[in-house]
Each structure stands twice: as structure tokens, then as C-alpha cells.
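The values are calculated or read from the model by the stated rules, or taken from the named source; none is laboratory data. Quick caveat: nothing in here was measured; it's all calculated off a predicted structure. Every residue, glycine as well, gets a Cβ built from its backbone with ideal geometry; the counts of neighbours run over all protein chains shown.
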Amino acid sequence: MQDSYLTISKNSEGLYKEKGSKFIALAFPVRSEEQVKEKLEEVKKTYYDARHHCYAYILGADGAQYRANDDGEPNHSAGDPILGQIRSKELTNTLVVVVRYFGGTKLGVSGLINAYKVSAAEALEQNKVVEKLITKAVKFTFPYEEMNEVMKLVSDFELEIINQEFEMECILKAEVIVSKAEELTNKCQLLHDLGRVIQYEI
């Protein structure tokens, strides 16, 4: 099972010019289709006078959600080359939009493919690739006297604590790396069978 994925850490920009045409590439880290839509709206507002706003994105830890859009350019001459650049860096949760200002001279399909590819590559080059762990949320509910046992689980399974409330009944919310989730479930079941009062939800 895959434990992590690669994505970009910030917004970045690339620029390519040919025969008067200007290609401005903008790369964004995104986590959902909603965010993709928001970023596209922003770009279209900022570059409202551009002829084309072509884009591609990949979403999800497994990269299963993706789309390429030519926005009026000849079929497969814009979106696919952009998508190819995201894929070549093995990135996901990444959106690249390339804004084109037409310079009066047609570039032909091969010229367009090159322009969209180079500008997208430039935007990604200006970014920083980061590795993100794929995690699941877990929640423990337990009486205060079980604190040490729960903290041992946190340590043994390298859980990242997100939130904790220590009252009469304690609640601890954390993130577990996906590949360790099943083992953690088994361990909690074992503790439960041994009479420990630790409730566990994943």
C-alpha cells in the first residue's frame, strides 16, 4: 500500500514566448475539484483579456482523478502537454493553468504542444516538490487512567496528534499512516479483549 504522494508546496509561475504569443503558466497545489474551480475562476478574472485558459490537473493520493482542457486550442495541443508535465514529475493534487495571449502568428499544432509543455514545465520547475503522507483520522475515547496505554499507541504507531481533550472522559484525535491503520485496529481490539476501556474509531 502506498504511504505517501508527491505534490507542490506553493503557487508558482512560468513564462514562454514565441512569435509574439505569450504563454503564462500558473501552478497551484489543490486538494479537490472545488479548489480547482476556484483557482480557474481567479485566473480567468486576473487574465480576463487572454484568448485561452488551458489547464490540467491530477487529484487524489493515487492520481486517479485527472482532467486536461484545451479551452479552444486544437484538440490535445494544450491540456495534454500540460498534464504530461504534471505526470512526468509524478505529482498529484496539482493544477497547472496556462494563459495564452495570441501574438498574431499561428504556431501550428506542434508549436502549440511545445509552448504549453515548456511553459508548464517552467512553472513546475519554479516550485518545490514535497512528499505528503497518506493518513486516516482516528479517535480514541478513554478514561484518564488509560492515558499511558493510549500514549504508548501514539508512540508505537507514530500517530500525529490533531486534538486532545483530557477531562473525566478523554478524547484524542490523531492521524495514522494508512499502511499502519489495520495493525492499529488489531492492537486496539486486543486491548479491548484484555479488558482495557479504550474506544477506537477510524
Query raised in the report: Which of the following residues is surrounded by 14 or more Cβ atoms within 10 Å (Cβ to Cβ), touching a helix residue (DSSP H, G or I) at 6+ places or on another chain (Cβ under 7 Å) and within 30 Å of residue 177 (Cα to Cα): 27, 68, 78?
Result: 27
Query raised in the report: Of the residues that sit in region 99-152 and are part of a helix (DSSP H, G or I) and aromatic (Phe, Trp, Tyr), which one is surrounded by the fewest Cβ atoms within 10 Å (Cβ to Cβ)?
Result: 144
Query - Matching residues in region 78-98 - criterion: being assigned to a helix (DSSP H, G or I), under 14 Å from the mean Cα position of the chain (by Cα) and among the hydrophobic types (A, V, I, L, M, F, W, C) - result: 86
Query - Options 201, 175, 165: the member that is closer than 20 Å to residue 144 by Cβ and without any contact (Cβ under 8 Å) to a residue 60 or more places away in the chain - result: 165
**Report entry** Cβ pairs under 8 Å, 6+ apart, first in region 110-124 and closer than 9 Å to residue 77 by Cα, second aromatic (Phe, Trp, Tyr)
**Finding:** 116/23
Query raised in the report: Looking at this structure, is residue 2 loosely packed, with under 14 Cβ neighbours inside 10 Å and touching a residue at least 24 places away in the same chain (Cβ under 8 Å)?
Result: yes
Query raised in the report: Could you list, in sequence order, the residues of region 41-77 that are part of a loop (DSSP other than H, G, I, E, B), of a type outside the set (Ser, Thr, Tyr) and in contact with a strand residue (DSSP E or B) (Cβ under 7 Å, 6 or more places away or on another chain)?
Result: 50, 51, 61, 70, 71, 72, 73
Requested in this report: Could you list, in sequence order, all residues of region 167-202 that are in a helix (DSSP H, G or I) and surrounded by fewer than 11 Cβ atoms within 10 Å (Cβ to Cβ)?
Outcome: 186, 190, 193
Query raised in the report: Can you find even one residue in region 46-62 that is more than 30 Å from residue 177 (Cβ to Cβ), within 25 Å of the chain's Cα centre (by Cα) and among the β-branched types (Val, Ile, Thr)?
Result: yes
Query raised in the report: Taking region 78-104 as the region of interest, how many residues are free of Cβ contacts under 8 Å to residues at least 60 places away in the same chain and closer than 25 Å to residue 45 by Cβ?
Result: 7
**Report entry** Residue satisfying condition, being in contact with a strand residue (DSSP E or B) (Cβ under 8 Å, 6 or more places away or on another chain) and modelled with pLDDT of 95 or more, within set 99, 176
**Finding:** 99
Query raised in the report: Considering 167, 125, 90, 201, which residue is at positive phi and out of contact with any Ser or Thr (no Cβ under 7 Å at 6 or more places or on another chain)?
Result: 90
